[in-house]
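Before anything else, here's the structure in question.
All of the numbers you see were taken from the coordinates with simple rules; none came from a lab. As the structure is a prediction and not an experimental result, all values here were calculated from the model. Counting neighbours? That spans all protein chains shown, and the Cβs are built from the backbone with ideal geometry, glycine included.
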Amino acid sequence: MNITSFLIYCFIVTFTPGPTNIAILSIAHHARFKEIFRYILGASAAFGILLAVSVLLNSMLASILPKILVFMQIIGCLYMLYLAYQVYKMNVSGETSGQAATFISGFLMQFANPKIWLFTMTVIPSYVMPYYKSSFILLIFVIVITIIAFLAFGTWAFFGTVFKRFLKKYQKVTNMVLAGLLVYSAVEVSGILK
């Protein structure tokens, strides 16, 4: 097993912009640390669950993968467009930003995030399972990858918090850019450009 390639893949997928990371960045400049942390914990918990399910159900999912991918592309694209709209109209004042930063919202975001579905369905079966069959070793990899994702989410929250003043000063432009990135993600996931 090429550990370097595996880690590079994990870091690139978890640290690059995606629906969860962009949502965390947006939430970070509107919410308190405690709220952001709850959201990150929810996102990380769901991420770990999806990885574990991928390990347990890999053979079954492989046979129905095309059906899941089409469904996830449609749902994921629509959800990302909805999220883009929410980010675009987000306001610094009011309670809506605090309500969005909950454990449950972070948790549920992962189940509607096709980037996470595709990653969790491919990373362990592609990189780990050809070399390791032990349940304990597979669990270790699930934990390691989940920690990498948690660090990625935390990094996005950190930058959202550090640049809070800048993001508030240029809120409309920031919201437009973040919403644009989500629309771009939705277009990519939809398969329209292929």
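Step through the table entries K89/K168; K34/K164; K115/K172; K34/K168; K89/K169, compare each Cα-Cα distance with 24 Å, and write down the pairs that go over it.
Pairs exceeding 24 Å: K115/K172.
Something else now. Once both labels are modelled 7 Å past Cα along the beta-carbon direction, what's the I143-L56 spacing in nm?
Placing both labels 7 Å beyond Cα along the Cβ direction yields 1.8 nm.
Between rounded, prolate and oblate, where does segment 114-177 land on the alpha carbon gyration tensor, with a ≥ b ≥ c its root eigenvalues, rounded for a/c under 1.5, else prolate if a/b exceeds b/c?
Since a/c reaches 1.5 and a/b is larger than b/c, the shape of segment 114-177 is classed as prolate.
Step through the residues of segment 101-109 one at a time and calculate ³J(HN,Hα) from phi using the Karplus curve (6.51 cos²θ - 1.76 cosθ + 1.60, θ = phi - 60°), rounding each to whole Hz and writing x for Gly and Pro.
Coupling constants for segment 101-109: 9, 10, 4, 4, 5, x, 5, 5, 4 Hz.
Please list 172-181, 4-13, 147-156 highest first by mean number of surrounding beta-carbon atoms within 10 Å per residue. Before the final figure, lay out the partial values.
Numbers: 172-181: 16.5, 4-13: 14.3, 147-156: 19.8.
The densest-packed peptide leads the list: 147-156, 172-181, 4-13.
Can you pull the one-decimal nm distance between simple spin-label points at F163 and N2, each 7 Å off the Cα toward Cβ?
3.2 nm
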